[in-house]
Amino acid sequence: MNTEEKIVRFVCNTVFSDVPPKMLEVTKKQVLAVIGTTIGGSSAEGCETIIKLAKELGGKEEASILIHGGKVPAQQAAFINGTMARALDFCDALAPGPHIGAGTVASALAAVELKGGCSGEDFLTAVAVGTEVAVRLNLSESQYGGFDPTGLLVVFSSTAAAAKILGLSEKETWNALGLALNKCGGSFQSHVDGSLGVRINEGWVAESGITCARLASRGITGPKNFLEGVYGYFHLFGRDQVSGETVTAGLGITYNLDQIVFKLFPSCGLTQGSTEVILDLMAEEGFGADDIDHVCVTVPPYTYNLVGHPFQVGSNPKVNAQFSIRYCVANALKRKASLLTHFEEEAVKDPEVLAIAEKIEVIADVGMEKRGHTPLDMRVVLNDGREYLKKLDIAPGFPGRPLTNEQHKLRFQNCIDFSGRSLSKEKVENIVNAVDHLETMSDVRSLISMLILT
């Protein structure tokens, strides 16, 4: 049995009882995170534009636009909801960069409505299975080499989840995942330049999950050797450094969902450590922004290339700030916190924060790569000559430093508060409770109806 067949059988044959309870809890946290960021990001720049465009284009009313209401073709609903879920860049992620939940959950929810209903058990299983496929196919920094990991990887998880909910056969699922190979794409240049393309790419992978599944269900074939073929995923993107045996080792028996990252702060995963370290140093040593002469942060080259460049406010200040260590450290120094409101345009353009950012230097050191994905060394020099050095290997929310259940619920509430939508305490508690007990839900459309807030 080759790698592709093992993956296909895992997607098609896994049932709810096969997924370990601990991994189901991770999946619930993933779903809650995506719901929160969808609510919080529902009015973010570009989101209302794509909703308006979808409604202008029209089409069969198959699946719901979350928060705003109205129905559009299922793949369009997945695109819109995936984009909103990623808009705050506060959804779940996976080192070294793919955001799995936003695209996968959006695709799965659209598939639920397209099918005409789905139990909570089946929905959780589909999301867990799709996510597990993505975790196993995840590549390294050097293998991605500037491709957007979300664009390359998450199309497989969104397709797997949609195919499972829609009940595709093994042959159809195989074709759907094969078609997904041809949808792989996206560049990290969107992040570096601070463009809305970051969140749009998340929408595309969600949309592609529905599209690939629908096409395969109608007999459209995809490449059979989409992973191990001469021009398959392992060669084109894995750079011939990926082993099918490694990818499928223990598949269906052991799960790797606990590798999912839930960020403590609403910015890129590679800014989490710097934000935490400067906040900790301020609390420990009692200095503030006015005391700073300069700060030097040393990080691996991959981190520098994505979030270490000099900070400039471009056409999208929110994204510019989310993907900048210099801004995140300056913001934490000035405001003694890192909140969603701190990444709004007015806050980003604050002259005092911009002045502090000029005092922050980021240096790339290839030797740091030996310490993992999120290491950093921060040296803080004060005006009076005092110096502080603090090192960090694992950022908060990454494997080895998981968030607490309370922190997960605080993240969710922060998204609700930021959204500006008047959700009652009872409404919020009902959503959280529904996700906590999702396996008991007879039809996930009940949850979807709770997420139409107009």
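The values are calculated or read from the model by the stated rules, or taken from the named source; none is laboratory data. Bear in mind the structure is a predicted one, so any value in this text is a computation, not a measurement. For neighbour counting, all protein chains shown are included, and Cβ atoms are generated from backbone atoms with ideal geometry for every residue, glycine included. Just the protein is used for accessible areas: all its heavy atoms, side chains included, with ligands, DNA and RNA removed. Shrake-Rupley method; radii C 1.70, N 1.55, O 1.52, S 1.80 Å.
Can you give the accessible area per residue of the chain, in Å², using a 1.4 Å probe?
Using a 1.4 Å probe on heavy atoms only, each residue of the chain averages 38 Å².
How much net charge surrounds residue 249 when only other residues with a Cβ under 11 Å from its Cβ are counted (Lys, Arg +1; Asp, Glu -1)?
Overall, the nearby charge balance is +1.
If I fit a long axis through the Cα atoms of helix 3-13 and take the longest principal axis of the Cα atoms of the chain, what angle between them do I get, 0 to 90°, rounded to 10?
70 degrees
What is the extension gain from residue 215 to residue 245, computed as 0.36 nm multiplied by their sequence separation minus the C-alpha to C-alpha distance, in nm to one decimal?
Using 0.36 nm per residue and subtracting the Cα-Cα distance, I get 7.9 nm.
Please compare each pair in 336/370; 336/359; 29/425; 52/425; 60/427; 263/359 to a cut-off of 23 Å on the Cα-Cα distance and tell me which ones are over it.
336/370; 52/425; 60/427; 263/359
Defining a contact as two alpha carbons under 8 Å apart and six or more residues distant in sequence, what relative contact order in percent does the chain show?
20 percent
What's the local net charge at residue 219, with K and R +1, D and E -1, over the other residues with C-beta under 12 Å away?
That sum, taken over residues with Cβ under 12 Å, equals +2.
Each label point is 7 Å from the Cα along the Cα-to-Cβ direction; what then is the distance between the points at residue 413 and residue 391, in nm?
3.7 nm
From the helices alone, meaning DSSP H stretches of at least four residues, give me the mean residue ellipticity at 222 nm for the chain, per-run term -39500 (n - 2.57), in deg cm²/dmol to the nearest 500.
So the calculated ellipticity at 222 nm is -15000 deg cm²/dmol.
What share of the DSSP beta bridges in the chain is antiparallel, in percent to the nearest 5?
Counting only bridges with both partners in the chain, antiparallel ones make up about 70 percent.
Can you list residues whose amide H is under 5 Å from residue 261's amide H, if they're 5+ apart or on another chain and H is modeled 1.01 Å from N?
Long-range HN contacts for residue 261: 93, 94, 95.
Angle, helix 425-436 long axis vs. longest principal axis of the chain, Cα atoms, 0 to 90°, nearest 10?
The two axes meet at around 60 degrees.
Round to a whole number: what % of the accessible area of segment 1-66 belongs to carbon and sulfur, probe 1.4 Å?
Looking at segment 1-66 in its full context, I get 52 percent from C and S.
Taking the Cβ of residue 173 as the centre, find all other residues whose Cβ is under 10 Å away and add up their charges (Lys, Arg: +1; Asp, Glu: -1).
Surrounding charge for residue 173 is +1.
What percent do you get for the relative contact order of segment 75-151 when only Cα pairs under 8 Å and 6+ apart count?
For segment 75-151, the relative contact order is 35 percent.
Compute the angle between helix 197-217 and the longest alpha-carbon principal axis of the chain, please, reported from 0 to 90 degrees and rounded to the nearest 10.
Approximately 10 degrees, to the nearest ten.
Under the rule that an exposed site lies in a DSSP loop and has at most 11 other Cβ atoms within 10 Å, name the longest stretch of the chain with no trypsin sites (Lys or Arg not before Pro) of that kind, not counting the sites themselves.
Counting at most 11 other Cβ atoms within 10 Å as exposed, the longest clean stretch of the chain is 219-454.
Okay, which of segment 419-454 sit inside 14 Å, backbone N to the point 7 Å along the Cα-Cβ direction of residue 115?
Hits in segment 419-454 for residue 115 at 14 Å: 439, 441-446.
When the Cα centres of segment 270-289 and segment 33-90 are compared, how far apart do they sit, in Å?
Using only Cα atoms, the two centres lie 36 Å from each other.
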